[in-house]
Structure formats: structure tokens, C-alpha cells
1. Which one of these is in contact (Cβ under 8 Å) with a residue 24 or more places away in the chain, acidic (Asp, Glu) and near the ligand (Cβ under 10 Å from one of its atoms): GLU25, GLU112, GLU127?
2. So which of LYS56, LYS48, LYS37 is in a helix (DSSP H, G or I), among the charged types (D, E, K, R) and at negative phi?
3. Among the residues of the range 92-105, count how many are under 22 Å from VAL14 (Cβ atoms) and in contact with a helix residue (DSSP H, G or I) (Cβ under 7 Å, 6 or more places away or on another chain).
4. Which residues, counting only those in the range 86-124, are closer than 21 Å to ASN17 by Cα, surrounded by fewer than 19 Cβ atoms within 10 Å (Cβ to Cβ) and hydrophobic (A, V, I, L, M, F, W, C)?
5. Listed residues PHE66, PHE121, PHE59; which is within 11 Å of the ligand (Cβ to nearest atom), touching a helix residue (DSSP H, G or I) at 6+ places or on another chain (Cβ under 6 Å) and over 14 Å from PRO11 (Cβ atoms)?
6. Taking the stated definitions as given, is VAL73 within 14 Å of the ligand (Cβ to nearest atom), in contact (Cβ under 8 Å) with a residue 40 or more places away in the chain and within 20 Å of ARG32 (Cα to Cα)?
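The numbers here are math on the coordinates, done by the rules we state, and not lab data. This is a predicted model, so every value here is computed, not measured. Please note: Cβ atoms are built from the backbone with ideal geometry, for glycine as well, and neighbour counts cover all protein chains shown.
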Amino acid sequence: MEERTLVIIKPDGVERNLTGHLLKEFERNDLRISHLKTMQPEMALVRKHYAELADKPFFNDLLTYFTRGPVVVFLVDGRNAVKRVRELVGVTDPKAARLNTLRSLYGIDKSENTIHASDSFESAEREIKLWFKELFNN
Ligand code: IDP
């Protein structure tokens with residue numbers, strides 16, 4: 001099924017000058033990038049994005065990390081894009097991520113893991129509305 005999903009290069013990825021390199025990996029894997037932007041995320045937006053983690057002990061550190069510098073936010077389109085992108089990105093902890101996934105290659109640790117990707121079709125819909133408000137009328 002044709003889908004689109006949300007991907008974010010987190011501050012550690014932008015800081016280490018990995019943006020172009022990471023973008024290329026999506027294209028190399030036959031996924032299409034659209035609606036790309038760089039932005040300094042507001043704390044309130046990141047709080048909403050990660051609302052379901054609000055009671056985790058690492059939540060405040062996560063907010064500090066995610067807002068410490070610019071991020072690159074983009075939509076990735078393709079057949080089964082949600083699942084394919086999650087597979088390309090790898091699991092949360094880079095040390096546990098499969099070989100050659102982006103987090104295993106570039107993630108620093110399970111907090112600073114370089115890339116966010118929506119974990120389901122429903123999350124993608126919700127997150128796209130949060131990060132790309134300009135694409136919607138209401
Ligand atoms: P995901 O990004 O792989 O979907 P989530 O459990 O939704 O994983 O966690 C969101 C983000 O919170 C992670 O990508 C990572 O940056 C951070 N995080 C998750 N678990 C931990 C932890 O145990 N310690 C510190 N940060 C964490």
C-alpha cells in the first residue's frame with residue numbers, strides 16, 4: 001500500500017553533519033522524500049509528539065536533547081513506507097539495532113539515536129499533522 005511516514009533527523013545527526021548522508025539512504029532504498037524542512041523545534045511541540053512517554057524517567061532529558069538545536073523533518077513516501085522506514089532506521093537502542101540500520105551505524109546511545117521514524121500508520125498520521133500543520137486546512 002502507498003503510504004507516507006514522518007522522519008526526523010534529531011539534533012545529534014544535524015550537529016555531526018550527517019543530514020545529506022542520511023537523506024541519501026532513504027533514496028537509495030527506493031523511498032521518496034517530500035516536504036522537507038529544517039527547524040528549531042519548540043518544547044511544546046516535542047512534548048505533544050512524545051506525550052505517551054510523559055511518565056518515563058528519561059522524559060525531561062529527551063525534551064532537552066530534542067530541543068537543543070535544529071532538526072530536519074521530512075515525509076517519506078512509498079509502498080509500505082511506515083514499516084520499510086522503521087526497518088531502515090532500526091530499533092531504539094543502536095547497540096541492539098540490526099547491522100547496517102541507520103541507528104546501528106550512526107546512533108550514539110539509546111537516548112541520542114540520531115533519527116526518529118513513526119512507528120505505525122496511525123502514529124504517522126498524528127505526527128504529520130503535528131509537524132506539518134501547513135499541509136492541513138484546519
Ligand atoms: P522509538 O524512537 O524507537 O520509537 P520510543 O520508545 O518511542 O522509541 O522512545 C522515543 C525516544 O526516546 C527514543 O528514540 C530515544 O531518543 C528516547 N529513549 C527511549 N528509551 C530511552 C531510554 O531508556 N533512555 C533514554 N532515552 C530513551
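1. Working: GLU25 fails: near the ligand (Cβ under 10 Å from one of its atoms); GLU127 fails: near the ligand (Cβ under 10 Å from one of its atoms).
Being in contact (Cβ under 8 Å) with a residue 24 or more places away in the chain, acidic (Asp, Glu) and near the ligand (Cβ under 10 Å from one of its atoms) holds for just one of GLU25, GLU112, GLU127, which is GLU112.
2. Values: LYS56 fails: in a helix (DSSP H, G or I); LYS37 fails: in a helix (DSSP H, G or I).
None of the other options fit; the residue is LYS48.
3. Of the residues in that region, 5 qualify.
4. LEU105, ILE108
5. After applying the criteria, what remains is PHE59.
6. Details: within 14 Å of the ligand (Cβ to nearest atom): no; in contact (Cβ under 8 Å) with a residue 40 or more places away in the chain: yes; within 20 Å of ARG32 (Cα to Cα): yes.
So VAL73 fails the test.
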